[in-house]
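Only one structure is covered here, and it is reproduced in the block below.
The values are calculated or read from the model by the stated rules, or taken from the named source; none is laboratory data. These numbers were taken from a predicted model, which means no experiment stands behind them. Positions of Cβ are generated from backbone atoms using ideal geometry, with glycine treated the same way; all protein chains shown enter the neighbour counts. Remember, those area values only see protein heavy atoms, side chains included, never the ligands or the DNA or RNA. Shrake-Rupley method; radii C 1.70, N 1.55, O 1.52, S 1.80 Å.
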Amino acid sequence: MRKSQRGVAIVLAMGIVALAAITATAIIVAQSTWTRQSELTADHSQAQSLVRVGVDWARAILSDDRVSSNVDHLQEPWALRLAPIPVENGEIAGFIEDQQGIFNLNNLVSGGRVDAFEVARFRRLLRILDLQDALADALIDWIDPDDVPSSGSGAEDGYYLALKSPYLTANRPLTDVSELALVRGFDNKVRARLRPFVTALPRSTQINVNTAPAEVLAATFDGMDIDAARALVVQRDRAYFISMADFTNRLPRKFTVPISGLALSSEYFIVTIQVAFGETQASGTALLTREGAGWPAVVWQKTL
Ligand SMILES: [Ca+2]
Ligand SMILES: [Ca+2]
């Protein structure tokens with residue numbers, strides 16, 4: 001067994017032991033209930049417990065990964081999508097997604113100031129996705145601390161207060177990408193197009209060139225077209241970048257990039273867990289960070 005496979009096996013074993021313990025509790029709870037309604041409620045709370053077990057399981061995988069490597073790439077165990085694991089009376093499935101391979105919208109404003117370099121990257125991403133450039137202005141205004149519209153297509157309190165259901169501009173970093181729904185111009189269609197390529201992290205972050213999709217790579221590097229970025233992704237997925245020198249050496253000829261703002265590893269990940277238990281289902285997502293020593297921390301968690 002390869003080292004990475006052994007790692008997965010150990011983590012899986014840990015997860016299954018934890019699942020077995022929770023399932024045993026669930027059965028006792030189920031046996032002690034009399035009505036169908038209370039059975040369903042018990043099932044649902046057990047399903048939610050399994051979601052929390054899944055999140056802890058992701059934390060274990062990410063912790064294990066940090067011990068075994070300095071780089072983060074898509075062939076590592078954390079990036080594998082596992083088939084649903086059967087547990088007594090149900091099953092649990094989940095996956096982990098790196099959040100530094102995609103564009104962090106909170107990079108647009110850093111320390112209260114608009115970051116022109118990051119704004120240029122976001123405008124390129126909008127262009128690559130065939131979206132309106134004006135979206136960048138509205139989003140900058142939503143995040144920046146002042147109340148001055150950044151251009152004719154920007155939007156501060158004046159715009160939002162004039163809506164049928166008025167509200168105020170956040171004037172602070174996004175807590176989650178779902179907040180985009182409140183920002184001028186970010187309708188369902190725009191958000192669906194943008195969603196796979198953007199995130200909202202609690203601080204400015206670097207782009208991990210080992211996990212970024214072609215669209216994000218092309219947006220990150222001024223002058224790199226989408227075809228060149230796709231070619232780079234194809235060869236990267238055969239052999240990940242082991243160092244920044246390795247990355248720059250493998251760029252198309254005559255192409256130089258500023259290395260600032262780039263990384264080969266990641267500190268932020270989102271885990272998604274889906275559980276079926278008895279006749280109920282539960283799901284949850286959590287933003288995890290590996291910043292600092294110790295067990296990966298949960299920045300936020302949502303359970304349904
Ligand atoms: Ca790693
Ligand atoms: Ca503002």
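Brief remarks on what is shown
- Answer residue from the range 70-88, given it is within 24 Å of Gln46 (Cβ to Cβ) and more than 18 Å from the chain's Cα centre (by Cα) and is nearest to ligand 2 (Cβ to nearest atom) among those: Pro84
- Failed item in (1) within 10 Å of ligand 2 (Cβ to nearest atom); (2) at pLDDT 95 or above; (3) of a type outside the set (Ser, Thr, Tyr), with Leu182 passing the rest: (1)
- Qualifying residue in the range 39-47 (condition: at pLDDT 90 or above and of a type in the set (A, V, I, L, M, F, W, C)): no
- Annotation: Val67 fulfils all but one of (1) surrounded by fewer than 16 Cβ atoms within 10 Å (Cβ to Cβ); (2) among the aliphatic types (A, V, I, L, M); (3) under 28 Å from Ala214 (Cα atoms); the unmet one is (3).
- Within the range 76-95, residues that are basic (Lys, Arg) reach partners that are away from ligand 2 (no atom under 16 Å from the Cβ) with beta carbons closer than 8 Å, at six or more positions or on different chains, in the pairs Arg81/Phe95.
- Among residues of the range 260-286 that are free of Cβ contacts under 8 Å to residues at least 40 places away in the same chain, those with a beta-carbon under 8 Å from a residue that is open to solvent by 10 Å² or more (accessible area, probe 1.4 Å) and of a type in the set (S, T, N, Q) at least six positions away or on a different chain give the pairs Thr285/Thr272; Thr285/Gln301.
- Subset of the range 70-109 that is among the charged types (D, E, K, R) and modelled with pLDDT under 90 - its residue that is nearest to Ala212 (Cα to Cα): Arg81
- Residue satisfying all of: in the range 164-178; touching a residue at least 24 places away in the same chain (Cβ under 8 Å) and closer than 21 Å to Val148 by Cα; surrounded by the fewest Cβ atoms within 10 Å (Cβ to Cβ) among these: Arg172
- Matching entry among Ala276, Ala297 (being open to solvent by 20 Å² or more (accessible area, probe 1.4 Å) and farther than 22 Å from Thr199 by Cβ): Ala276
- Among the residues of the range 83-93, not a single one is among the hydrophobic types (A, V, I, L, M, F, W, C), closer than 18 Å to Thr289 by Cβ and open to solvent by less than 40 Å² (accessible area, probe 1.4 Å).
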